[in-house]
């Protein structure tokens, strides 16, 4: 595992030409198709080494809450395994928080799997687990469910 002092990371807003490398991280062609439009479905920031190699990303999009107004939903943060535990994920997360702050966003939502050690990190920052505090349950309808309802 590499230590943070062994490389120089720049966290920046992703550019169109970054999407090939982000695609390799995401492994989902829909990311490229969704980004390559005049009105992208999402925004992406990347963690880039000084040689141009992208080692991580944060993917988010804007949403709207009828209760608080414009919001951000952080869909995914990913850092390649060899670069983890060096603060890159934190830099990516804090970059999205700064974007929310600078844009006067009223709320930032994100989902975390219960086994993910990042849960403690988010709690230390003051994030609230809505499942516990507000008894919100997150539901999902996948493509099979949608197809079954409208065959």
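Readers should treat all values here as calculations from the given coordinates under stated rules, not as data from a laboratory. In this text, all values refer to a predicted model and were calculated from it rather than measured experimentally. Because the Cβ atoms are built from the backbone with ideal geometry, glycine has one as well, and the counts that use them run over all protein chains shown.
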Margin query: Just want to confirm a number: the relative contact order over the chain, from Cα pairs under 8 angstrom separated by 6+ residues, in percent.
Written below: 18
Checklist line | Solvent-free Debye scattering, log10 I(q)/I(0), computed from the Cα coordinates of segment 79-121 at q = 0.23, 0.27 Å⁻¹ | finding: -0.92, -1.06
Notebook entry, point to check: Extension gain residue 147-residue 101, at 0.36 nm per residue separation less the Cα-Cα distance, in nm?
Noted result: 12.7 nm
Next item on the list: Provide the gained length on full extension for the span residue 136 to residue 68, in nm with one decimal, where the gain is 0.36 nm per separating residue minus the Cα-Cα distance.
Entry: 22.8 nm
Notebook entry, point to check: Given the Cα-Cα distance of residue 53 and residue 13 and 0.36 nm per residue of separation, how much length would full extension add, in nm?
Noted result: 13.0 nm
Check: Hey, rough spin-label estimate for residue 23 and residue 75, points 7 angstrom out along Cα→Cβ, what's it come to in nanometres?
Finding: 1.5
Next item on the list: Among DSSP beta bridges whose residues both lie in the chain, state the antiparallel percentage, nearest 5.
Entry: 85
Next item on the list: Would you please state the base-10 log of I(q)/I(0) at q = 0.13 1/Å for the chain, with intensities from the Debye formula using one equal scatterer on every alpha carbon?
Entry: -0.69
